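The values are calculated or read from the model by the stated rules, or taken from the named source; none is laboratory data. In this text, all values refer to a predicted model and were calculated from it rather than measured experimentally. Here Cβ is always computed from backbone atoms with ideal geometry, including for glycine, and neighbour counts include all displayed protein chains. These area figures cover heavy atoms from the full protein model, side chains too; ligands, DNA and RNA do not enter into them. Shrake-Rupley method; radii C 1.70, N 1.55, O 1.52, S 1.80 Å.
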Amino acid sequence: MNTKQSDNIIPATFVKTTTIIHLALVMGQVLFAATTLLNSKNRVQPQSDDLFKYMAPALALSGFVIGHFLFLKFLGNIKRDSPLKTKLAAYQSATIVRLALLEGPSLFAIVCFMLTRNMMFIGISGAIILYFIYLRPTRQKVEDDLALDYNEKAELN
């Protein structure tokens, strides 16, 4: 992790900042899905959804699996004796990568719905969004994922 990046991290506001990033990513998906649903009636001729029926679930599953393993790999690369700011910067990067790998398939599924009007794609996106919400970073998750010691937890608070 670059020292300059970790210098920008303020432990006391870390969870709030990461939560705001998370919320922005969730709201982007929700607003895009809502807009697409509201405008779906204006489309004259839906496209065939044959290929999309396989691609959207495969991308969603791939995004989940790859995101999960990369998140764990990023966390595994954090040294226990690293400064807290370095750990938090690495955690934030790992979280953003994980969320991006979920957001892509969600947006793809919404576009598939926009092209085909098949509600299955909104269901796929909805499931991803629900999982996305479940992944919301909290102080407890950060402490557990990084296995912070007492002093680091106190600094985070």
Translational diffusion coefficient (Stokes-Einstein; Kirkwood radius from C-alpha pairs) of the chain at 20 °C, 1.002 mPa s, in µm²/s: 126 µm²/s
Please give the per residue accessible area of the chain, computed with a probe of 1.4 Å over protein heavy atoms only, in Å². 58 Å²
How far apart, in nm, are the 7 Å Cα→Cβ label points at H68 and I10? 3.6 nm
Restricted to pairs 8 or more residues apart or on different chains, the lysines in the chain with C-alpha atoms under 23 Å apart form a number of pairs equal to 23
Under the rule of -39500 (n - 2.57) per DSSP H run of 4 or more residues, summed and divided by the residues of the chain, what mean residue ellipticity at 222 nm is obtained, to the nearest 500 deg cm²/dmol? -25500 deg cm²/dmol
May I ask you to compute the full-extension gain from S82 to A154, defined as 0.36 nm times their residue separation minus their alpha-carbon distance, rounded to one decimal in nm? 24.3 nm
Extending each Cα 7 Å along its Cβ direction at T138 and V97, get the distance between those two points in nm, one decimal. 2.5 nm
Suppose R0 equals 41 Å; then what is the FRET efficiency for K53 and I21 from their Cβ-Cβ distance, rounded to the nearest 0.05? 0.80
